[in-house]
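Read through the structure below, which is laid out as structure tokens, and then see the notes.
All of the numbers you see were taken from the coordinates with simple rules; none came from a lab. Please read all numbers here as calculations on a predicted model, not as lab measurements. Cβ placement follows ideal geometry from the backbone for every residue including glycine, while neighbour counts extend to all protein chains displayed.
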Amino acid sequence: MSSNDLHHEIEAWASNLIARLGATERRKLARKIGTELRRANAKRIRANVGPDGMSWPPRKPEKRRRKKHKQKMYTGMAKAHNLKVRTQPDGVFIGFLGRVARIARVAQYGLYDEPIPGIRVKYDQRPLLGFNRADRDLITALLAEQLEGDA
């Protein structure tokens, strides 16, 4: 499910209920949803699994690779200081910023990059961020919890 589809589905379900909340309450709710979605995405990144539940393609073999790198990829990107949550009264942003964002974009879409100047490499697509049914259910539960608390 794309983020746009998720947005429209949630908006249709709860738009008039969320409109009752003040800007501060909406921002708190967005922060809570963003934090939980960051945790879910970070867990998938650490497990080397995409949002769709499919395992990422393994690393390509390299003669001089250290043993610890044969295990998981992008585990450092799952840390909270790299995977950011930004809130506004009407939404939430979950993503990467700066240099980490460039690396994430290459992995997310399977683009070309130059790990060493002059050497261009095509990377396999490894989706780092996205939504799945469990994320949608989580958002629905958090919305219901917030709206029940206000009733």
Stretchable slack from Arg133 to Lys43, in nm (0.36 nm times residue separation minus alpha-carbon distance): 30.9 nm
Whole-angstrom gap from the stretch 19-34 to the stretch 85-151, using each part's C-alpha centre: 20 Å
Sites Glu114 and Asp90 - FRET efficiency at Förster radius 41 Å, r taken between beta-carbons, to 0.05: 0.60
Relative packing of peptides 112-121, 31-40 - highest average C-beta neighbours within 10 Å first: 31-40, 112-121
Net +/- balance of residues flanking Leu142 in space, Cβ distance below 9 Å, scoring K and R +1, D and E -1: -1
Positive minus negative residues near Lys43 (Lys, Arg vs Asp, Glu; Cβ under 14 Å): +4
Rough spin-label spacing in nm, given labels placed 7 Å along Cα→Cβ, for Ala80 and Leu97: 1.5 nm
